[in-house]
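Visitor: Handing you a structure now.
The values are calculated or read from the model by the stated rules, or taken from the named source; none is laboratory data. Fair warning: this is a prediction, and the values are worked out from it, not measured in the lab. Note: ideal-geometry Cβ built from the backbone for every residue, glycine included; neighbour counts use all protein chains shown. Just the protein is used for accessible areas: all its heavy atoms, side chains included, with ligands, DNA and RNA removed. Shrake-Rupley method; radii C 1.70, N 1.55, O 1.52, S 1.80 Å.
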Amino acid sequence: MGFNVTNSIKTSSDGVWQGENTLHYAFPLLIIQTTLVVFLSRLLAFLLKPLRQPKVVAEILAGIMLGPSAFGRNKTFTNCIFPSWSTPILECVSNIGLLFFLFLVGLELDLNTIHKSGKKAIGIAFAGISLPFLFSIGVAFVLRKIIKGIDSVGYGEFFLFIGVSLSITAFPVLARILAELRLLTTQIGEMAMAAAAFNDVAAWILLALAIALAGGGGVHHSPLISLWVFLSGIGFVVFMFLIIRPIMIWVAKKSSNGNNNIVEETCICLTLVGVMLFGFMTDFIGIHAIFGGFIFGLIIPKNGDFSEKLILRIEDFVSGLLLPLYFASSGIKTNISQIHSVKAWGLVVLVVSTACVGKVLGTFVVGIMLCSMPMREALALGFLMNTKGLVELIVLNIGKEKKVLDDETFAILVIMALFTTFITTPIVMAIHKPSSTQNPQLEKPQKKIKKQNNLRILACLRGPRDARALINLIESLRSEKNNNNYASVTKLYVMRLVEFTDRLSSISMVQRARKNGFPFIGRVLFRDDATDQVGAAFEAYSTLGKVIVRPTMAISGLSDLDEDIIHVAEKKRVELIILPFDKYWQMEGNEEVEIHAGHGWRMANERVMSQAWCSVAVVVDRGLQLVDNGMRICIVFFGGADCSKALEIGSRMVEHPAIRVTLVRFIHHGSTNFDEVERTLDDSTIAEFKMKWGKQIVYSEKEANNLVNEVLEIGKSGEFELMIIGNNKSKFPQGIMAKLFDEQQLNNSEFGPLANLLASSDKGIKSSVLVIQQQQQEAKFGNSKVASSFIDKDIV
C-alpha cells in the first residue's frame, strides 16, 4: 500500500479493519512519534541520573539517537516512524511547544533581578560573551576554509551564528545543574544565576541581529532589508514595553485581586492567545516567532501570583510532552556520520576547545580580578557559565533553517553543545570543594556567647501554616527571666524548606528568593506570596525582643533537604532542630480534613532524626495557638533519654507567664525494658524538676499498665493545646508495646509507637503534639561533608 502523499495528507485513517496502515496518516503517526520520543528521553534521563546530568542532556541524546546518527540509519525505521512527509507536521507541533516554552523562559527572567545583579555579575556575563565571540572570528574563518560550500554564505551572518552558539549560557539548564550540585543559593550559585540571566537576554539580542542579517536563507540581499527587520524588531520590543506591559499589569491585578474564577480563567486564556499572536507578529516582521513569545513572557509582571498561575497551567504539558518533540526534530537533522574524516573531527576538537577556553578563561579572569574570588571558585564558575542547552539548539536550528549552517557544521556545533553541558557537573564537582560552597559570611568566627545557656534553635518550615505553629511554639520557649541562672535570649534560625524540581516554577521561586531574601523583605509585601507571608510573620515576631531571628533557606530536592538541615544545625551549633510533621489538619465546613505534604517530606524528617547530631523535635500541628488565656501544656513522661529531653524543653516553658504546665509521669512496675540505672536517672530528673518548678506546675503520677488509654484520653480531652512527649522508639514495657501494636499500624516510621498513636488522624486527638528525640551520639562540630545550598542573610 502506498503512502497517502497526494495533494494533501489525511489526518486519520479508517482503521486497521479497513485494511489501512494507521502509520500512513498524520495524527496516529504523531501519537506514536510523541510516545517514542518521550519514552526514550525519560529512559535516558533515568540512566544518566547517577551521573547527575540535567534532563536536557538526555533529551538531546534521544533526538540524536532517533535521527540518522543511530536508529535513523535503518531506512525501514525512518520510513515507518519518521517519514519525510511527517517532518513539517512534527516541526509545527514542536515549534508550538517551543513558542510556549520560550514564553515560560521569559516568565522566569526578572529584569529587576538583572538590573540589581551588580557590576560583578554583569562583568562576568560580559567577559563570558565577549571572549568567545572574539575567538569565534578565527573559528568561523577556519570552518569556511575547510568545509566546502560554506563560503557561499556571507561571512558576517556566519560569524554571528558561530559567535552566538559559542557564547550562550543556558539559564534554565544552569539552574538545574546548580540545584543538583547543591550550589543554587550559595555565593557562586547566585553569581552564576545573575550572570546567566544577563547572558540570556544578550544572546537573544545577538540572535535577533543574526536573523536580521541572514534574511532569506543565506541568499545575499540588500542590507536595507536587514536594517528594516532589525528596526522592526526594536519597534516591536518598544511597543511591548510601552503599550502591552501596562495592559498586562492591569490584567495581572484583575486576575489576582478578584475571587471570580471566570475572570481568572478569561485572563489566563487571553494571555495564552497573546503568546501565539505576538509570535505571529515577530514572524511577520522577519524574526522567528519564538521572540514574540519570549518578549511577551518578559513583560508580564513577576510581583504577584499571576505569572505562577500561568506557569503551573502549562509547564507540564509544554515541557513534558511538546518540548521533547523539538529535540527529536533537531536530532533528525543531526547526522554525525557527516563528520567522517580526521580533519572533520579535528574541527570538532577546535570548536569544543574554543568554546570551553573562551567562556572559562573570560569568566575566570574577571572572577579573580573584579570579584576577588578564590581560584577554585572562579574556575568552577567558568565551567558553570559554559553550560549549553535548548537555546543553543534553537540558534543552530534557525541557522540551518536560514541555510547559514550546513549539515556538517550543524552536527559539529550540536556535539559541542552536548559535550560542554555533559562535562559541567563532573568538572565542577571535582574543582569546587564543599568547604568553599558556603557564603563568606559563614566563615566569620562566631562571637563569644556571654551566657552559655542561650537557646539556639533551627526551626524548619514549608510555608505560612507552619510559621504560625512555630511562632507560638518558640514564644512558649521564650524565657522572661534575666539572671545568671538562666538565659533570657532565644536565638532562632528559621529555615524555609523548598523542594526544587525540574519544573520552571522552581526556577521562578529561586529568582524571587534571591530578590526578596528571607524572611526580612524590606520591600513591598506582595499578597499571596508564601515567602513574603512567612517573612512578614517572623519579621513582626522578631520585634518582640528576647528572640533573635536569623533567616536561612534550603532549596534542594527532597532527597537532599536533610543534608542541608543537618549542615546548618552543625554550623550554627544549635541545641534543637524543629521540623514540621508531614500532615496537618484543617476545617472544611464542619469536617476536619487531613492534608498530606507527601511521603518525601516524611522520609526527609526520618533522615534528619536518624542522622542529626543534636536533639530533634517534630511538631504535629492541630491549630497550635497561644491565646489570650495562655497555653496549657502537658508533658507526658514515661522514662528514657527522649522523655528527659522533653522535660528539659518543658522546663523552659514553665517560666513563661502565659503558660500552664502539667507533668504526668507514668510509673512502670514489673518486667520492663528499663534497667535500674535508667530508672534511677528518671527518678533524679523528676525530683530535680519538681524541686525547681513544683509550685508552678501540676504534677501527677499514673500506672503505666494503662498507658495507652490514659494518653489517648489526655489527647482527646481538649484540655491541653500542646502535648510534649519523648519519641522513645523502643523503650517500652513489653505488654504496652503489644497494646500499642493492637491499637494501630505504625504508619509514621519516624516515630515511636506512642508518638505514632498521638499523630494518628483516626483517634480523635485534639491537642497538638511535640515529639522530642534526644540523640545518643553527638557529632563533632565542623565534621560535615555536606555542601549545603541555602541563603543566610545575617550570621552572628
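Visitor: Pairs under 8 Å by beta carbon, first residue within 15 Å of residue 363 (Cα to Cα) and aromatic (Phe, Trp, Tyr) in region 193-209, partner open to solvent by 10 Å² or more (accessible area, probe 1.4 Å) and not in a helix (DSSP H, G or I), six or more apart or different chains?
Guide: Once the first residue is within 15 Å of residue 363 (Cα to Cα) and aromatic (Phe, Trp, Tyr) and sits in region 193-209, its partners that are open to solvent by 10 Å² or more (accessible area, probe 1.4 Å) and not in a helix (DSSP H, G or I) give 198/117.
Visitor: Tell me, yes or no, whether region 78-99 has at least one residue that is surrounded by fewer than 18 Cβ atoms within 10 Å (Cβ to Cβ) and outside any helix (DSSP H, G or I).
Guide: There is at least one residue in region 78-99 that is surrounded by fewer than 18 Cβ atoms within 10 Å (Cβ to Cβ) and outside any helix (DSSP H, G or I).
Visitor: In the set 415, 427, 394, which member is under 23 Å from the mean Cα position of the chain (by Cα) and under 27 Å from residue 161 (Cβ atoms)? Break it down stepwise before answering.
Guide: Working: 415 fails: under 23 Å from the mean Cα position of the chain (by Cα); 394 fails: under 23 Å from the mean Cα position of the chain (by Cα).
So the residue among 415, 427, 394 that is under 23 Å from the mean Cα position of the chain (by Cα) and under 27 Å from residue 161 (Cβ atoms) is 427.
Visitor: Kindly establish whether residue 285 is closer than 20 Å to residue 255 by Cβ and either of a type in the set (S, T, N, Q) or surrounded by fewer than 24 Cβ atoms within 10 Å (Cβ to Cβ) (or both).
Guide: It is false that residue 285 is closer than 20 Å to residue 255 by Cβ and either of a type in the set (S, T, N, Q) or surrounded by fewer than 24 Cβ atoms within 10 Å (Cβ to Cβ) (or both).
Visitor: Could we say that residue 328 is touching a Pro at 6+ places or on another chain (Cβ under 6 Å) and modelled with pLDDT under 90 here?
Guide: no
Visitor: Within region 377-388, which residues are at pLDDT 90 or above and open to solvent by 10 Å² or more (accessible area, probe 1.4 Å)?
Guide: Once the filter is applied, which keeps residues that are at pLDDT 90 or above and open to solvent by 10 Å² or more (accessible area, probe 1.4 Å), region 377-388 yields 379, 383.
Visitor: Considering each of 414, 360, 391 in turn, give the residue that is open to solvent by 10 Å² or more (accessible area, probe 1.4 Å) and at pLDDT 90 or above. Step through it out loud before you land on a result.
Guide: On the way: 414 fails: open to solvent by 10 Å² or more (accessible area, probe 1.4 Å); 391 fails: at pLDDT 90 or above.
Being open to solvent by 10 Å² or more (accessible area, probe 1.4 Å) and at pLDDT 90 or above holds for just one of 414, 360, 391, which is 360.
Visitor: Starting from residues that are modelled with pLDDT of 50 or more, assigned to a loop (DSSP other than H, G, I, E, B) and of a type in the set (Gly, Ala, Ser), keep the ones in region 763-787 and report whichever is surrounded by the fewest Cβ atoms within 10 Å (Cβ to Cβ).
Guide: Just the residues of region 763-787 that are modelled with pLDDT of 50 or more, to begin with: 763-777.
With the extra rule that they be assigned to a loop (DSSP other than H, G, I, E, B), the set shrinks to 763-767, 774-777.
Keeping just the survivors that are of a type in the set (Gly, Ala, Ser) gives 764, 767.
Working: 764: 11, 767: 23.
Result: 764.
Visitor: Right, next: Give me the residue from region 154-178 that is hydrophobic (A, V, I, L, M, F, W, C) and open to solvent by 10 Å² or more (accessible area, probe 1.4 Å) and, out of that set, farthest from residue 350 (Cα to Cα).
Guide: 173
Visitor: Then there is this: With the condition kept exactly as written, say whether any residue in region 169-178 is at pLDDT 80 or above, more than 17 Å from the chain's Cα centre (by Cα) and not charged (D, E, K, R).
Guide: yes
Visitor: Something else: Looking for something assigned to a helix (DSSP H, G or I) and crowded, with 24+ Cβ neighbours inside 10 Å - is there at least one such residue anywhere in region 65-73?
Guide: Scanning region 65-73 turns up at least one residue that is assigned to a helix (DSSP H, G or I) and crowded, with 24+ Cβ neighbours inside 10 Å.
Visitor: Taking only region 244-282 into account, find how many residues are open to solvent by less than 30 Å² (accessible area, probe 1.4 Å) and assigned to a loop (DSSP other than H, G, I, E, B).
Guide: The total comes to 0.
Visitor: If we only count helices (runs of 4 or more DSSP H) wholly inside region 338-408, which ones have 3 or more residues that are small (Gly, Ala, Ser) and touching a residue at least 24 places away in the same chain (Cβ under 8 Å)?
Guide: It comes to 342-369.
Visitor: I've got another one for you. How about region 697-714: which of its residues are surrounded by 13 or more Cβ atoms within 10 Å (Cβ to Cβ) and out of contact with any Cys (no Cβ under 9 Å at 6 or more places or on another chain)?
Guide: 697, 699, 702, 704, 705, 706, 707, 708, 710, 711, 712
Visitor: For the subset of region 624-665 comprising residues that are on the phi > 0 side of the Ramachandran plot and touching a strand residue (DSSP E or B) at 6+ places or on another chain (Cβ under 7 Å), which member is surrounded by the fewest Cβ atoms within 10 Å (Cβ to Cβ)?
Guide: So, considering only residues that are on the phi > 0 side of the Ramachandran plot and touching a strand residue (DSSP E or B) at 6+ places or on another chain (Cβ under 7 Å), the one surrounded by the fewest Cβ atoms within 10 Å (Cβ to Cβ) is 630.
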